[in-house]
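To start, the structure itself, in structure tokens.
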Amino acid sequence: MTSLTAQPGSPTAAGRARAVPPATRRPGFAGTLRSELTKIRSLRSTYFTLIAFFVAGVGFAIAAAEGNRVSADHGPFDATAMSLRGAVYLGELIIVVIGALMITSEYGTRMIGTSLTAMPRRGVLYVAKALVLACVTFVVALATSLASFFVGQAILASTGEGASIASPDALRAVLLSAAFVTCCALLAFGLGAIIRYTAGAVTALFGAVFLIPLLAQVLPTSWFDEIVRWLPGGTALGAIVSTTGPPNPHLFGPYGELAVFAGYAAIAVVTGALLFRRRDI
């Protein structure tokens, strides 16, 4: 039996050369970013989730402000925090769905293989997904926080108890609330890369953010006071949106509590990246 070897310059060799695109034409980071942005825009669930997040945040601000306006026996309150609680508390419940779906949806539909064929460099693909998610989430969360703040304060204006964006720490609270929601999405994204299932990632996040702080309250008071500042979410949310100081003297300030939560999100994202690069699809 004889074997045929393609000689340089032959049609066979030229065909094989054309089968592999030159390095300059392979998808780069910018192209991967555009691809991931197209993916997140093409999902109907993205629009439904973001609209639900916006409506829930603004709706909560309207309800809370109207309740304080008509109530005759309410005491001193933080007008800024009252307007932003909906965007933060409800936002972390809603926006995590997009965070998890950003990566788990491709595992569920087996499209992750196609994505890796188009971009074989797994690290580039993973970072592009996380960056697109962070940018989209922060823009929508900031818009929701601003709308919630201005709507809530417009209702309270007639009572003389409202705040303006120039009030002490008001702008800081608006920006940090959007940053917190973005961290929630990234935490869900990291857990999605680790667990690979949407329901599992969302359940794990809710357990970390809500269940762990709740269980910690059964500890002796001295123990709880020492660890409460390090717990993910929970009572830390009050410190992030408050303009009158942390609700618990044992908590860090707003920047410190956001840094703690961002640390949890970073651990999840980095762990997910390591597993994404090493595991089979």
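Reported count of residues in the range 156-197, each being at negative phi and either in contact with a strand residue (DSSP E or B) (Cβ under 8 Å, 6 or more places away or on another chain) or in a loop (DSSP other than H, G, I, E, B) (or both), is 9. Scanning the range 258-272 for residues being of a type in the set (Val, Ile, Thr) and out of contact with any Phe, Trp or Tyr (no Cβ under 9 Å at 6 or more places or on another chain) gives a total of 3. Note on the range 211-281: enclosed helices (runs of 4 or more DSSP H) holding 2 or more residues that are buried (at least 20 other Cβ atoms within 10 Å of the Cβ) are 236-241, 254-278.
Exactly one residue out of Ala118, Ala63 is surrounded by fewer than 17 Cβ atoms within 10 Å (Cβ to Cβ) and within 19 Å of Leu131 (Cβ to Cβ), and it is Ala118. Just checking, does the range 156-172 include any residue being in contact with a Leu (Cβ under 9 Å, 6 or more places away or on another chain), small (Gly, Ala, Ser) and farther than 30 Å from Arg279 by Cβ? Within the range 156-172 (the criterion being in contact with a Leu (Cβ under 9 Å, 6 or more places away or on another chain), small (Gly, Ala, Ser) and farther than 30 Å from Arg279 by Cβ), the answer is yes, since at least one residue qualifies. Do the conditions hold for Arg172, that is, is it basic (Lys, Arg) and under 16 Å from Thr271 (Cα atoms)? No: the conditions fail for Arg172. Within the range 97-108, none of the residues are modelled with pLDDT under 90, crowded, with 16+ Cβ neighbours inside 10 Å and outside any helix (DSSP H, G or I). The listed residues are Ala65, Ala61, and the only one of them that is over 18 Å from the mean Cα position of the chain (by Cα) and either modelled with pLDDT of 90 or more or under 19 Å from Val270 (Cα atoms) (or both) turns out to be Ala61. Does the range 14-29 contain at least one residue that is in a helix (DSSP H, G or I), modelled with pLDDT of 85 or more and not β-branched (Val, Ile, Thr)? Yes - at least one qualifying residue is present in the range 14-29.
The values are calculated or read from the model by the stated rules, or taken from the named source; none is laboratory data. None of these values were measured; they are calculated from a predicted model. Because the Cβ atoms are built from the backbone with ideal geometry, glycine has one as well, and the counts that use them run over all protein chains shown.
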